[in-house]
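Engineer: Here it is, the structure, as structure tokens.
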Amino acid sequence: MPELMSKPKLRWACRRGMLELDILLAPFVEDGYDALSLEQKQVFEQLLASDDPDLFAWFMGHGKAANPAIQSLVETIVRRVRV
């Protein structure tokens, strides 16, 4: 099993080319990441490897990730923002 990114590396990976994504991802790493299961943390790293236009479409509800685990995590992050 691959080793997970450290928190500093996650913070860096959350710095994207779109402010909208920064606003969603950076706070999630600080406030929600630690509560994820090991599998969800691995999925989060997969999500971070996605292209910004795809992430933007998923988070804005203009499309869905082909990977159901990634889509589930996107929905989890969006729910946290709406609360």
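The values are calculated or read from the model by the stated rules, or taken from the named source; none is laboratory data. Model, not experiment: these values are computed from the prediction. Please note that ligands, DNA and RNA were not included when accessible areas were found on the heavy atoms of the full protein model with its side chains. Shrake-Rupley method; radii C 1.70, N 1.55, O 1.52, S 1.80 Å.
Engineer: Based only on Cα atoms, what Rg/Rh ratio does the chain have, Rh being taken as Kirkwood's radius?
Structural biologist: Rg/Rh for the chain comes to 0.92.
Engineer: Let me ask something additional. Express the accessible area of the chain per residue in Å², computed with a 1.4 Å probe while the remaining protein chains stay in the model.
Structural biologist: That works out to 63 Å² per residue.
Engineer: Continuing with the same structure: Ignoring ligands, DNA and RNA, what percent of the accessible area of the chain is carbon or sulfur (1.4 Å)?
Structural biologist: The value for the chain is 55 percent carbon and sulfur by accessible area.
Engineer: Hey, can you list the DSSP H helices of the chain whose Cα span along the axis is 20 Å or longer and whose average Kyte-Doolittle score is at least -0.5?
Structural biologist: The qualifying helices are 68-82.
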